Each structure stands twice: as structure tokens, then as C-alpha cells.
Amino acid sequence: MQLPLKEVCLALGKEECPSDLVIRGVSTDSRIPQKDCLFFAIKGEKFDGHDFLWPAYENGCLAAVVHSPPPSPPPIPLIEVEDTLKALGILASYYRSKFSPICLGVTGSTGKTTTKEMLAHLLGARYQVLKTEKNYNTEIGVPLTLFRLKGTHSALVVEMATRGKGQIAWLAHIVKPKIGIITNIGPAHLEFFKSIEEIAEAKAELLKALPPDGVAILNADDHFFSFLKKRANCQVLSFGMSPQADISCEIMGGNKPLSLKLKTPKGESIVEAPFKGEHDVLNLLAAVAGAFSAGLSLEEIEGRIPTLSRPPMRMELHELTPGLLLINDAYNSNPSSLRAALRFLKGQEGRKIAVLGDMLELGKDSKKIHFEAGRWVKDAGVDFLITIGEYAQFMGEGARESGLPPEKIASFPNKEEALPFLLELVREGDVILVKASRKLALDKIVEELIKCHSS
């Protein structure tokens, strides 16, 4: 990017600017060298960016946006605003308005990152695509994504998360999507909402932001489909396994690749998807619906599906020795995604070991939800359950009450204590599922299993 500092000041409501500098980037992290960048001093839960103005200056920042200047500021222009986080979004919105890519927003309780990745890949058949990287789906991450826009980008795919009412509305205001995808509604982030209905209402903020000539893409198989459809003021395109969905499919068979009969308003097609199981099919259908809405032909979509790939740590399969199958789903966990992962585990051959950690942000019913998840573990035919964390132990109680023998359940407070037990437990022919909320960092267990059992 390239933006005169005077233009930044005007965008932030400041008529005067003390400099003729030109910024070439935006940063919220003082630790990363950012030559010629504008630093936003944002106050978070653990750190206050105002305490790091000098490191930002030393790492190349030319100016900073602050709530109030410190007693001994670095020798760079400081732009004072009431709220630095809001100012970041305002400037991102201003910068976004300089470009005209076709814009697609993606949200949902589960599958939004995988859908975003698939959608961006499909759109690559026709467009130069900018997409959300990593987990940049928040009030900080989304603006930082927009600041990467260039005139060469013809499509923009932005993932949007929420932890409270109004957040997606704000992100959508910044992004200005024409096409909005909601993958599903489930009990994720109940710590921040009173009910699943409130979660659905929060996700629907994306639909309310779409223009009249936009497209709302909704999951026809989801319990909240009708609820969401009523909140869309534009065309609705549905996807799902139901034959009544606008975009649907029939699973013909296969096991990596999976053979699918794709059914769309533009015809039918047999495609080979590089998946080992059915858990990704709904995400693919959502992505296909998004690609159609962006103008791609069935032929263009067909040509891109065989080269799809999954984001790391999301149902990532590792075939290890001796004859071990490791399912790395350690990126995150909530009730809906855990149930999907257990369904996939149930379909595998071999002794099934589930290594499951806490599902966080579930609010006051967390113990109850984890206990119920233990019943799902038993229903999935798990032979041995290892739980990690404060709440995951209640999965063990639920599994035990459902009939899993107590000697087939082991609970640990952290991954460090669980790992030696797991390494001693595994044997040839096992299938191991590793899944938890990101904070538990169970990818470290995955790394050790791969290190110990790679050929």
C-alpha cells in the first residue's frame, strides 16, 4: 500500500496533519520490523500498544495512531483518536473503497476457514484473489487483510468471526461484501452469547449488510436455514446434501479422492475431490455456491476441485508407521466440529484412540456439554479416550456412563502429562484423533507422534 499521511489524517477525521510522509503499510505489532509503516497503538487484554511506541519507531514505523501520547514519545508524528481499534477499521474501510474487487464474506460456527480456503482456490480459475490469512478474522485481522489490497486483486475473500453482538456488522461495514456465506450455526462461543439463537442473530449481521443485488449463501441442512433466509434482503442460494438445495451433491464413493456427483443450477458433473472422507463435502458445496455467485462456470469449478487442499491442523491426515493413521484436527474444537470429527473416526478401520481436549468459550453449560460429548465418543466406537484439560475430563465421565470401560479412559490436566501415556499406548493399526480448542496447543502432541512414528 501507499498512502500519504495527510490522507490518513483526513480519513480519521483530522483536518490537520503535521507531516508530508507517505506510509507503505500498517502495523499493530511493534516487534515486527515494519519499514515506513503506520503503527496503531491498540490496547488489548494483556498489552497496551501505547507502551511499545519506541520499539515500533525503532523497527521502522514512520507515524503512530494513539489514544493519548505518552510522556516521552518517539520522534514521529502521533495522530490522536478516541478509539485506536475503531480508527484501524475506519482507515481500512477508507482504503478498501479505493478498489473494486468482487467481495465475498464468510462466517459460521464451524468450517468457515476451510470454506474460505476452498472458495479462494476455486476463484483462482478466473480471479487474482486476496484472502484472509491464518486466523486474521477479527476487528484487527480483517483491517490488516484489507491493507494488503492491490489494484491487481480482482476478488477478495474475507473470513469474519464474532465474539459479541455487532462485531460482524462492523466487519461487514468495513469489508463491503456483495456475497455472504454462512456455513452453519452451532454452539460455539456460548461464553459470549446467551443462546444459539443469539449466535444465529449475530451471524445474520453479515446478511443484513449485503446489497439488494447481492447473494446470501445458506446451508439448507442447517436448523437455522429459515431463520437466516428471512434476514436476507437479496437473492438466497442454498447448499447442502438435501436434493432440495440449489447446490447439492451425491457421494458416489471413493476414498481420497472422493467421487461426487455435483448438482447445480447450471447442470450436473462428476468430480473427484481430494478428500478421504465426507466431512469436507458441505464446506465444498458452500465454496462452489460462492464461486457460482461470483460468475464462475461449472467447467471452471470442475477444473479446480481436484487440486483443493485443506488448511493445516483441520482434519489433516498423516499415515505413519507402523500402520498408524493420525487425524490432526488440533486447530480448534466446538461441539459441532467435534461431532463431525468423531463421525469420521467411526468410519475408520482399526483401534480408535481419541485424544480430546477442552472446548473453550462454551459458557455456563460447559461441563454439561463436555459430558454429552462423552456420549458421542462412545457412539463413535472409540476404543480408548484420553482427555486433556479441566473440562475435557467430563467427556470421560459421559463416556464412562455410556458404557466405555473405566480402564479405557485416561484424563490428564495438560498435554505434557498425557504425551508419555499416549506414546506408550499406540500400536500398529491404530487410528488416532487429536482435537481441542487452539489454546491447548495439542498440535505439539501431533508433532511428537509424527516424530516418533514417521518412516
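The values are calculated or read from the model by the stated rules, or taken from the named source; none is laboratory data. Remember, it's a predicted structure, so these values are computed and weren't measured experimentally. Here the Cβ is made from the backbone with ideal geometry for all residues, glycine too, and neighbour counts use every protein chain on show.
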In segment 177-211, which residues are charged (D, E, K, R) and crowded, with 21+ Cβ neighbours inside 10 Å?
-> 203, 205
Which numbered condition residue 66 fails, given (1) more than 28 Å from the chain's Cα centre (by Cα); (2) surrounded by 18 or more Cβ atoms within 10 Å (Cβ to Cβ); (3) more than 27 Å from residue 167 (Cα to Cα) | (3)
How many residues are in contact with a helix residue (DSSP H, G or I) (Cβ under 9 Å, 6 or more places away or on another chain), assigned to a loop (DSSP other than H, G, I, E, B) and closer than 27 Å to residue 170 by Cα when one looks only at segment 70-92?
-> 1
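Within segment 267-332, considering only strands (runs of 3 or more DSSP E) that don't extend past its boundaries, which have at least 1 residues that are loosely packed, with under 15 Cβ neighbours inside 10 Å?
Numbers: elements: 267-273, 316-320, 324-329.
The qualifying strands (runs of 3 or more DSSP E) are 267-273, 316-320.
How many of the residues in segment 138-154 are buried (at least 22 other Cβ atoms within 10 Å of the Cβ) and over 21 Å from residue 38 (Cβ atoms)?
Here is the first cut: in segment 138-154, the residues buried (at least 22 other Cβ atoms within 10 Å of the Cβ) are 142-143, 145-146.
Retained after the next criterion (residues that are over 21 Å from residue 38 (Cβ atoms)): none.
Of the residues in that region, 0 qualify.
Touching a Gly at 6+ places or on another chain (Cβ under 7 Å) and either basic (Lys, Arg) or at pLDDT below 95 (or both): which single residue out of 427, 351, 343, 400 fits that description?
Just one listed residue meets the conditions, 351.
Name the one entry in 411, 437, 454 that is small (Gly, Ala, Ser), surrounded by 14 or more Cβ atoms within 10 Å (Cβ to Cβ), out of contact with any His (no Cβ under 7 Å at 6 or more places or on another chain) and over 14 Å from residue 354 (Cβ atoms). Reasoning before the result, please.
Details: 411 fails: over 14 Å from residue 354 (Cβ atoms); 454 fails: surrounded by 14 or more Cβ atoms within 10 Å (Cβ to Cβ).
Going through 411, 437, 454 in turn, just one is small (Gly, Ala, Ser), surrounded by 14 or more Cβ atoms within 10 Å (Cβ to Cβ), out of contact with any His (no Cβ under 7 Å at 6 or more places or on another chain) and over 14 Å from residue 354 (Cβ atoms): 437.
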Residue satisfying all of: in segment 15-32; at pLDDT below 90 and more than 18 Å from residue 75 (Cβ to Cβ); surrounded by the most Cβ atoms within 10 Å (Cβ to Cβ) among these | 32
When restricted to 201, 191, 197, the only residue under 30 Å from residue 364 (Cα atoms) and more than 19 Å from the chain's Cα centre (by Cα) is 197
Going through segment 210-259 in order, the residues found to be without any contact (Cβ under 8 Å) to a residue 24 or more places away in the chain, touching a strand residue (DSSP E or B) at 6+ places or on another chain (Cβ under 8 Å), over 17 Å from residue 104 (Cα atoms) and not in a loop (DSSP other than H, G, I, E, B) are 225, 229, 250, 252, 253, 254, 258, 259
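Looking for something of a type in the set (Ser, Thr, Tyr) and closer than 21 Å to residue 314 by Cβ - is there at least one such residue anywhere in segment 392-406?
No, segment 392-406 contains no residue that is of a type in the set (Ser, Thr, Tyr) and closer than 21 Å to residue 314 by Cβ.
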When residues of segment 80-117 are filtered for being more than 30 Å from the chain's Cα centre (by Cα) and surrounded by 23 or more Cβ atoms within 10 Å (Cβ to Cβ), how many remain?
-> 0
Sole exception among (1) under 25 Å from the mean Cα position of the chain (by Cα); (2) in contact (Cβ under 8 Å) with a residue 60 or more places away in the chain; (3) farther than 26 Å from residue 164 by Cα for residue 335, by number | (3)
